[in-house]
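Data block below; observations after.
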There are 2 protein chains.
Amino acid sequence: MGRTVIEHVLHRLKQTGISDVFGVPGDYAFSINDAICTDKDLRWIGNCNELNASYAADGYARIRGMAALCTTYGVGELSAINGLAGSYAEHVPVFSLVGMPPSGVQTARRLVHHTLGNGEFDLFYRMADPVVCARAVMTPENCAAETERLIAAAIEHRRPVYMGFPSDYANMPVIGTTDLLPVPASDPETLEAAAEAICAAVKRSRTACFLAGILVPRLGLNDQATALVDATGLPFATMYMDKCAIGEAHPAYMGMYDGKLLNEEVRAFVEGCDCVINLGALLTDVSTGAFTANLDPRKTIHVMHHHVRVGFAIYNHVEMNDLIEVLTGKTTRRTDIKCPRVHGLGDPQGAAGDRITAEYLYPRWEKMLRPNDILIAETGTTGMGMAFARMPEGATFQNQTLWGSIGWATPAAFGAAFSSPECRTILITGDGSHQLTAQEVSQFPRFGLKPIIFVLNNDGYLIERLLCKDPDIYYNDLAQWNYAALPTALGCEGWFTARVNTCGELDEAINRAETCGTGAYIEVVADKYMASPLSQKMHESIDTLYA
Amino acid sequence: MGRTVIEHVLHRLKQTGISDVFGVPGDYAFSINDAICTDKDLRWIGNCNELNASYAADGYARIRGMAALCTTYGVGELSAINGLAGSYAEHVPVFSLVGMPPSGVQTARRLVHHTLGNGEFDLFYRMADPVVCARAVMTPENCAAETERLIAAAIEHRRPVYMGFPSDYANMPVIGTTDLLPVPASDPETLEAAAEAICAAVKRSRTACFLAGILVPRLGLNDQATALVDATGLPFATMYMDKCAIGEAHPAYMGMYDGKLLNEEVRAFVEGCDCVINLGALLTDVSTGAFTANLDPRKTIHVMHHHVRVGFAIYNHVEMNDLIEVLTGKTTRRTDIKCPRVHGLGDPQGAAGDRITAEYLYPRWEKMLRPNDILIAETGTTGMGMAFARMPEGATFQNQTLWGSIGWATPAAFGAAFSSPECRTILITGDGSHQLTAQEVSQFPRFGLKPIIFVLNNDGYLIERLLCKDPDIYYNDLAQWNYAALPTALGCEGWFTARVNTCGELDEAINRAETCGTGAYIEVVADKYMASPLSQKMHESIDTLYA
C-alpha cells in the first residue's frame, strides 16, 4: 500500500524541514497523532493547551522557518486560533493540522461531541479563513494536489495554512500524484529594472541607509541582506518589529529607529537621508513610534517579498531574494556616509542594596546577553525595555510586535528553545502576561531544556496603566501569585529559582542562573510604575497612537 | 448628557440580571473596562486569560441564567472564542463585549496592533458568526435598537451574542430610543392542540415517563418541570448532559438513562414505555450512550424551547414554559406506573490502606455531596464517574457534555462559585484537563471563595487512552506536575492542600476540606488505568461512538 493521506502530508512536511509537531491530542485527531508518533523522524510535542501549542509552534517557526501544529476538531482548533492569527499577522508559516470527525459522521450530520449540535461540520474550517493563507479538507482524491498547493501557499505568503483531516480519510491511501509546484520566481526584466532604479537612487543620494525589516529573517535572507549591506557600504537601522533582522553586532548598525520617541540621532539621520531602502519592514504603530516616524515616500524604497516600490513606482514579480542578490552584484560601495553609531543601554545605574529600577534592570539584562542567545521578549513594558538593548553577534530578539497578544512569550520561548537546544533561550516577561500561559513552563524540563526565565512582577498590567485614563483602576490589578514557587509546582525539578528585590540580589541571581546548569526562573520585584523609557514615551504618545 | 453607548448597554444588561463582567482588559477595550469599573452596580472580574474568562462566564451563566464577558480586539476575542462556542453548543447565553479600535483608525485602515496588518477590521467580527446567535458593531445611532435585538436573541436562543464597540463610539451618547421587544409567545391554539395531543398520548399509554432535559434549567423552568412531574405522577430519568435538570432527590427519579451502557433497568423501562416525554434533552453521542439509546420516534414526544413534536407531528410556536404550565393544569395524575428506583453508587469499596480505586473514589465523592452543592465535573473519566452519583436536594451537576472542551471545568467552577458564594462549589477534574486552565485557581482567593477542588492525577489523558489504538502511546502523557504545590504558587494563602494515595488519606483529606474553613485542593493519585465504569463502557463502544 502507498502512503496514507496523513502519511503523505507528514512526509512532505518533513521535506520542508519540519521534524516536530506541537499540539494537544484528541479523539478526532488520533489518526494524525498516531501517524506522528509512529514516524521515527517526527516528534510529538504535547503542550498544556492548544493556544500554548500554537504559540510554541510560532516560536519554533521563527527560528526554524516553518512549524506544524496539531489540534482536534472544534474545541482544539478554536482554542489555538488566536495563536494562528498571530502567526498570520507576523508572517510565520505554521501548518495547522486539524483532526475532524469521520466523513460518515459529517455526512449524516450526527449530534456528536465537539460540534455546535447543529449538524454543521464546516463552520470551524470557515472560521479559520481570515487567519490562514490557504486551507483544505484533505481527502484521498485531493491530497496529492492540495498538499502541494498548501505548501506553496505557506512559502508564497509565509503565513499559516489549515489542513483538515476527517479521521477516516486520514488513514486511506492517497490516490494519484502531483508534480511539485515551482517556487515564486522574479520576472527577469522587471527585476533588472527595479535593481537599476535602486542603484540609481542610491548613487544620486547624498546620504542613504537601509531599514532592515522583519521579512529578511522570515525569508531566511539574513546572510544575503548582510552581504548587501557590506557591498553597499550603507548603514542600517531597525524598527521595533524588525530588531535583529540584520545582526546588531554589524559595524554598519546605527541602532533602533523609533520615530520621535527615542534615539533622536537615528531618527534625524534616517529621515534626513535622501534615499532610505526598506528591506521588508512593516510600518506598524509600534514600529513607527506611535506613527511619529516620517519617511518621505519620494525618498523611500520598499523591497518587499514579491515586489519593490521605488518612490511611487511599483515593480511586481520581483522576489526579495533575487533583488538582494542582483543589487549586491551591481552596487558600488559607498564610503562617504557619516552616520550615528549604535550605543547600548550603558551601565546599570544603582547600588547593590537599591530596589530595582528601570535604569538598573534593562542595562543589566543587556549585559548578560551572549552571542547566539535567543531573547524572547513579551509584549508590554519589558519588551519595550529590551528593544533598545544591543544584541550580541548571532543573538536574536523575538517579539510579537504587530499582533501583540500577551501570553505569547512563555510558550514561544518553549518553541524557540526546543528548535535550538544548543542556544541559550532567555525569556523576559511581565507578571500580567505570564499569567495567561504560565503552565507552559512545565514543558521545558520534559524535554531537557534549560531556559533562563525572568518574570517582572510589578503588580499589574503596567503597559495598560500607562495607556488608560486611571492607572490605578482595578482592572489593571492581578491575582497575587508566588511566581518563584511556580517552577516547583510545575515539575521543574532542580531548577534555580529566586525572587529578587534589589540590584544586588538580581546580580547574584543572574550569576547563579548562568552557572547552575539547570533551568532558571527569576521573579524580579519592581515598583508598580517602573517603566522602561519607551513605554513611558508611549504613555506620552497616546494621541498619535490611537489617532 | 444621556447615557453613552456602553453605559446604555451595561444598563440593559444589569436589567437582565447581570451584575458582574468577566474578562481581561486591553487598550481597545478601555472604554468598556472603565464603564464597568465606574458603575457601582457592576463588578469587573479580571481573569488570568480570555479563554478562562469565557469559561468562567459560562459557569456563571449556568447558575445565574446570563453572563457577560469583555475582551479586547483580535487577540482577546479570538482567545475566548472556543469558550463562546461551548456556550453556544450548550445553550448558555453570554454577552460578549469586544473593544475595537476607534472608528477613525478603522476607516483609515491603519496598520495598528492586534490587527492582521491588512487594514481589515471586520474579520474577527465575521469569525464569531457561527458561535453567536446574533451580533452587531455598536454605534450611537444603532445602539438603542441593536441592544434590544441582541438581548432578545439571547433570550430567544439561550446562546451567546457579540457586541463590538469601537472605542470612541462606546463613549458617545446614544441617539434615539427603542421600545423593548416582546418575549417569544406561544400561539394559543397550537399550544392547546399540542397539550391535548400529549395528554391523549399519556392517557392511552400503558407506561409513560419523562426525560428531564438540559433546556429545563437553561430556561429556568426547574420548579415548573418539577410541578409537572408531580401533577402527572410519571417517573423521570435523565441523560448525561441533562443531569439534575430536575432534582435527583425527587421521589419520581429513576436514575440515569444511558442507552445500553449502564443502568440496564432504566434503559429497559424507558425504551419499554409507550410514551416518553422528552423535556428539552438533546440526543447527543455521550447522552445516548454512544448512540446505543433506542427511542421509538412514534412513542416519543419532544417538548423543546419553541416547538413540540408528538410522534411525527410538529407544533411550532409553542413555548416550553407555556406548554409545561398548560400540561400541568390539564393532566390527570397516574398512580399505576411501576418503575425502577434510583440508586446511587453505594458504599466505597476498599480499606484505609488500599490504593484508591474507582470503586472507592466515586462512591466516596458521592457520599460527601450535600444539598445545594454545585458540582462541576470535567469532561472525561471523572465526569463520567460522577454522572451516576445521586445528587442531593438542590445540588446541581455541571458538565460540558456536548462541546466537551477539556479545561472548561476549572474556570467554570470559579464562575459558578462566584455566582453563588453561599453554596459549596466542588470541582472534580483530571490532571490532563486541569493543565489547560489551572492558573484560574488563583482567582478563588482573590474573591474570598472557598471551593473544594479535586484533581485526579492518573498520569495522562485517560479518556484518550481508552479511546485510541495504543493506550500507552506517548501523546497521552503529560508534563509531570506537583499539583498539590500549585495553590501556594498561585497565591491561595492558607488553603488546605493534600496529595492522597490511599483510601484512608482520601477520607482524611475530605474531612479536612469540609471543616477547614478555607479553600481546599486535593490531588488524588490513582492508577493510570483507573477508569470509571462509564468510561470503561465508552472504551467498549468505540464502534457506535464514531459510526
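Listed values, structure above:
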read-out	value
For residues of B:348-358, the mean tally of beta carbons on other chains within 10 Å	0
Counting DSSP beta bridges with both ends in chain B, the antiparallel % (nearest 5)	15 percent
Peptides A:419-425, A:179-185, B:184-190 ordered by average Cβ neighbours within 10 Å, highest first	A:419-425, B:184-190, A:179-185
Percentage relative contact order, region B:349-499, counting C-alpha pairs under 8 Å, at least six apart	19 percent
Shape of region B:78-220, Cα gyration tensor, a/c cut at 1.5	prolate
Under 5 Å, built H, 5+ apart or other chain: amide partners of residue B:100	B:165, B:167
Computed [θ] at 222 nm, deg cm²/dmol, chain B (DSSP H ≥ 4; -39,500 (n - 2.57); rounded to nearest 500)	-10500 deg cm²/dmol
Calculated FRET efficiency for the pair residue B:542/residue B:223, C-beta based, R₀ 35 Å, to 0.05	0.30
Sequence of B:204, B:309, B:126, A:206 when ordered by accessible area, the most exposed leading, probe 1.4 angstrom	B:204, A:206, B:126, B:309
Residue A:264 - accessible surface, heavy atoms, 1.4 Å probe, Å² rounded to 10	100 Å²
Rounded to the nearest 10 Å², the accessible area of residue A:38 at probe 1.4 Å	110 Å²
Separation of alpha-carbon centers, region B:191-212 and region A:500-537, rounded to whole Å	71 Å
Calculated label separations, residue B:367, copies of the chain, 7 Å along the beta-carbon direction, nm	6.2
Approximate spin-label separation residue A:187-residue B:420, in nm, with each point projected 7 Å along Cα-to-Cβ	6.9 nm
Using a Förster distance of 25 Å, the FRET efficiency for residue B:148-residue A:120 (Cβ separation, nearest 0.05)	0.35
Selection of GluC sites (Glu not before Pro), region B:466-547, meeting DSSP coil and at most 12 other Cβ within 10 Å	B:493
Relative contact order computed over region B:454-505 (Cα-Cα under 8 Å; 6+ residues apart), in percent	26 percent
Accessible area of residue A:241 in the full protein assembly, 1.4 Å probe (Å², nearest 10)	10 Å²
10 Å Cβ neighbours from other chains, averaged over peptide A:399-407	6
Diffusion coefficient, µm² s⁻¹, Stokes-Einstein with Kirkwood Rh over alpha-carbon pairs of region A:245-356 at 4 °C and 1.567 mPa s	79 µm²/s
Cα shape, the protein assembly as shown, gyration tensor, a/c 1.5 rule	prolate
For residue B:122, inter-copy label distances in nm, listed shortest first [label point 7 Å out on the Cα-Cβ vector]	2.1
Between region B:386-419 and region A:345-368, the alpha-carbon center distance in angstrom	49 Å
Sorted peptide list for A:164-170, B:106-112, A:134-140, criterion being average Cβ within 10 angstrom, highest first	A:164-170, A:134-140, B:106-112
Region B:108-265, accessible area per residue, ligands and nucleic acids excluded (1.4 Å, Å²)	36 Å²
Gyration tensor verdict on chain A (Cα atoms; rounded if a/c is under 1.5, prolate if a/b is larger than b/c, oblate otherwise)	oblate
Inter-copy spacing of residue B:504 label points, which lie 7 Å from Cα along Cα→Cβ, given in nm from shortest upward	5.1
All lysines inside 27 Å of residue A:260 as judged from Cα atoms, apart from same-chain residues fewer than 8 positions distant	A:243, A:299, A:338, A:367, A:469, A:528, A:537
Spin-label model distance (nm) - residue B:518 vs residue B:196, 7 Å beyond Cα toward Cβ	6.6 nm
Heavy-atom accessible area order for B:260, A:537, largest first, 1.4 Å probe	B:260, A:537
For residues of A:463-476, the mean tally of beta carbons on other chains within 10 Å	5
Probe 1.4 Å, accessible area per residue of region A:319-416, Å²	36 Å²
Additional length obtainable on full extension of the chain from residue A:40 to residue A:493, 0.36 nm per residue less Cα span	160.2 nm
Exposure rank, largest accessible area first [A:199, B:503; 1.4 Å]	A:199, B:503
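The values are calculated or read from the model by the stated rules, or taken from the named source; none is laboratory data. On a predicted model such as this, the values are computed, not experimentally measured, just so you know. FYI the Cβ positions are ideal-geometry reconstructions off the backbone, even for glycines, and counts take in every protein chain you see. Side chains included, ligands, DNA and RNA excluded: accessible areas come from the protein's heavy atoms. Shrake-Rupley method; radii C 1.70, N 1.55, O 1.52, S 1.80 Å.
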